[in-house]
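What follows is a short report on a single structure.
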Amino acid sequence: MQTVKLSGVVSVLSTPFDEKENIVHDDITRQVEAAIVFGIGGVCLPAYAGEFYKLSEAERLAVVQTAVQASKGRIPVLGQSNHPSARHASELARKNADAGTNLISFALPRQFGLTEPDLLNYCRTICNAVKIPILIQDFNPGGPTAGPDFCRKLLDQCSNFAYIKLEEPLLGPKLRAIGEATQNRVGVLEGWGGMYLPELFTSGIAGVMPGLGHADLMQRMWNLGVLGNLDGALDIFDHLLAQVVYSLQNMEFYLRVEKHLLAERGIIRHTGVRSPGLTVDKHTFDHAVHLNHRVLKAIERFGFKRCPLA
């Protein structure tokens, strides 16, 4: 099995669309180039923040292929293989692996209540479909996310289960318990924009999966945090938190805010989202723009280029 160690920021890339809602693959290439300039730990697509649920199966594979070709082996690429059917998710995982991705990522199906054995069987089917490492995402607003027993059982059956991404507050105790249950063979990454990252540095967090718009700042924050400089990390976090919290009130709203920030940095040239999207009033989006501009000022304050590809 190929081994890829994830650490630090693994950014979820956006899927930019033009005025006719066609995917702009050049903007995906530009995001990969920016991620390399940022020096982050990897990129992932197409996930929820990449509007995977609005893409056809062929489009999902195409954006992954674009990212792999753009990376040229310079940065790990995670091929998101989401589907509520284990059979279809497995097929997409195989195609993404054949396309040259370094890891496969997929989300647990949380549309309806399933038992732990049901979810383990779902995961096992997908893990066994490929030979490369697996990252499992669990976002479950209606109940608890996967815990240490789940991770241990799956690892016993699938040695390529390497990471789990959890999106919930007060994650520290569960993070430490997963480490103990799996003998630190399963790394935990924090999602939800990195909102809960600072408290997790002392618990052995393996990484964080925000968007790309301020990933260079988040990577600096990570570097300081893992070195034990929590106050230094929090100094950066103070400049990001308002934007993260505001944008994540609604995922469709987040898509627009993230693409605006990416465009302001010259990383993408098209900010369209596919229908249906969330329409907000001018005052609501104006506040998002204001918060994005505060992030841009922080980017320059901490010594980074506003336009990394210039």
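With Cα atoms as the point set, the radius of gyration and Dmax of the range 241-310 evaluate to 12.4, 38 Å. Distance between the 7 Å Cα→Cβ label points at residue 3 and residue 230: 3.2 nm.
Extending 7 Å from Cα along the Cβ direction at residue 21 and again at residue 180 yields two label points whose distance is 5.0 nm. What a 1.4 Å probe finds exposed on the chain is 51% carbon and sulfur by accessible area, rounded to a whole percent. Label points 7 Å out from Cα along the Cβ direction at residue 245 and residue 125: separation in nm? Here the answer is 4.1 nm between the modelled labels.
How fast does the range 218-265 diffuse by Stokes-Einstein, in µm²/s, taking the Kirkwood radius from C-alpha pairs at 25 °C and 0.890 mPa s? Answer from the Stokes-Einstein relation: 208 µm²/s. Entry note, the range 180-310: relative contact order of 22 percent, from Cα contacts under 8 Å with a spacing of 6+ residues. When the P(r) is computed for the range 121-181, the part past 17 Å accounts for 37% of the Cα-Cα pairs. Grouping the Cα pair distances of the chain into 20 Å bins from zero gives a pair-distance distribution of 35, 60, 5 percent in increasing distance order.
Counting only DSSP H runs of at least 4 residues, each contributing -39500 (n - 2.57), and dividing by the residue count of the chain, the helix-based mean residue ellipticity at 222 nm comes to -14500 deg cm²/dmol. Summarised in one figure, the compactness ratio Rg/Rh of the range 70-138, Cα atoms and Kirkwood Rh, is 1.00. Within the same chain, aspartates and glutamates fewer than 8 places from residue 131 are excluded, and of the rest, those with a Cα less than 18 Å from its Cα are 91, 98, 156. Projected onto planes of every orientation and averaged, the convex hull of the alpha-carbon atoms in the range 1-123 covers 8.2 nm².
The values are calculated or read from the model by the stated rules, or taken from the named source; none is laboratory data. Worth saying up front: this structure is predicted, and the values here are computed from it rather than measured. Because the Cβ atoms are built from the backbone with ideal geometry, glycine has one as well, and the counts that use them run over all protein chains shown. All accessible areas refer to the heavy atoms of the entire protein, side chains included, with ligands and DNA or RNA removed. Shrake-Rupley method; radii C 1.70, N 1.55, O 1.52, S 1.80 Å.
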